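First the structure, in the form of structure tokens, and then the observations on it.
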Amino acid sequence: MEPHHSRDPGAGPAAAAPAGDAPEYRPSERFWPYVDVPEQPSDEELAALDPDLAAVLFGGPRRPFSITLVFPPFDGPEYPRALELARASAEYRETGRDRTFRHRARFEPADAVRLRDLFEIVGRYGGCDVLVDDKPVPYARELWLPLVWFLIPR
């Protein structure tokens, strides 16, 4: 018969149960560091989910093809126009703080004119990123954007 390992209540935290045995006590909930965490995510947390993760978790149709421009604030007379175009996109978000603050504007194919207009303003700045379906892909600026320009009626 194998001896039963139990904790001596007076031994203190240093006397832990041997590996493989479950602890015989549960710490008081008042010591749990996240007591006030809600069980359901807030609307802001749900909005910040990656679109692919949201589709898997909550079902529903996949989002249409999109191109997202991510750019930092910049000094210049065109900045208000850039914000106006970004906010008119299919989805606009502001992320980060201070030095990591970025504007994210997602455009669908029907918004090719606004995408082009915004890219003409922010594309010349070093911090501008182009994402295809919210992912960085090779040649996004050189290939994907010009392909979207073909959708602009002449």
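General observations
- Exposure proxy for Asp117, Asp111: other Cβ atoms within 10 Å of each Cβ, ordered fewest to most, give Asp117, Asp111.
- Across region 67-149, Cα pairs under 8 Å and at least six residues apart give a relative contact order of 38 percent.
- Backbone amide hydrogens, once placed in the peptide plane, bring Ser66 within less than 5 Å of Asp133, excluding anything fewer than 5 places away on its chain.
- Ascending count of other beta-carbon atoms within 10 Å, so fewest first, for Thr100, Thr68, Thr95: Thr100, Thr95, Thr68
Bear in mind these aren't lab numbers, they're just calculated from the coordinates by the rules spelled out. All figures in this text were calculated on a predicted structure; none of them were measured in a lab. Here the Cβ is made from the backbone with ideal geometry for all residues, glycine too, and neighbour counts use every protein chain on show.
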